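Scroll down for the structure; my scribbles are underneath it.
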Amino acid sequence: LNLGFSGSLGGLMALAEGKADLAGCHLWDAESNSYNLPFVRRVLPGQAMALIRLATRRIGLILPPGNPQHIRNLGDLTRPEVQFINRQAGSGTRVWLEEQLKRLGVESARINGYAQECATHSDLARAIAEGRATCGLGLEAAARFYNLDFLPLTGEYYDLVCSQALLSHPAVQALIGWLRSDAARRMLGELAGYQDDHTGEILLS
């Protein structure tokens, strides 16, 4: 088993290039107001793919304890005293953020630190905990782990994507079986911001 972190778009590209068998995906499509399936169809056109629902999870602004800068929404990111830290280009969180900024008419160039990137939600939360930034967009679970404040903005669907042919593989069948188990639901219930709505369900492209 080889595990890599590349962001949702990178994961789908790895599937398309035959460099991966399974990829995590949480990409919001503005046109359809839905997650993942539109991107799977764009990046892997005409291919028989499957999306395995892992979880629903909350994302929002991660802030220092007490929210000392009194940040309330994405529009506050342009304030000069706010030092932002971003997820990497191609990540589902970054895709959602850029679409929201476009809707608000906010230019990313006006946000201090927008070009500063983290590969994971945990790295982003740690940067805020260590004082290297005062705000970032990420998972509630990461914020709670570092005892940071969290301002929820949206919920997202996180799916695992693979070819339909791979669904019959014993390892994938074992994974699906576990996702549908009480043990998996208990584990997800212990993670802040995670919900097990439709966990283990399969959607075919």
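The values are calculated or read from the model by the stated rules, or taken from the named source; none is laboratory data. Just so you know, these numbers come straight off a predicted model, no measurement behind them. Heads up, the Cβs are rebuilt from the backbone with ideal geometry, glycines too, and the neighbour counts pull from every protein chain shown. Just so you know, the surface numbers come from the protein's heavy atoms only, side chains and all, with ligands and any DNA or RNA stripped out. Shrake-Rupley method; radii C 1.70, N 1.55, O 1.52, S 1.80 Å.
Below, the figures for the structure above:
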| read-out | value |
| --- | --- |
| Enumeration of residues in the range 164-205 that are at negative phi, open to solvent by less than 40 Å² (accessible area, probe 1.4 Å) and outside any helix (DSSP H, G or I) | SER181, ALA192, THR199 |
| Pair list, Cβ < 7 Å and 6+ apart or interchain, from the range 149-175 residues that are touching a residue at least 24 places away in the same chain (Cβ under 8 Å) to residues that are open to solvent by less than 50 Å² (accessible area, probe 1.4 Å) and of a type in the set (Asp, Glu) | PHE150/GLU140; PRO152/GLU140 |
| Of all residues in the range 135-148 being touching a helix residue (DSSP H, G or I) at 6+ places or on another chain (Cβ under 7 Å) and closer than 17 Å to GLY66 by Cβ, the one that is most open to solvent (accessible area, probe 1.4 Å) | TYR146 |
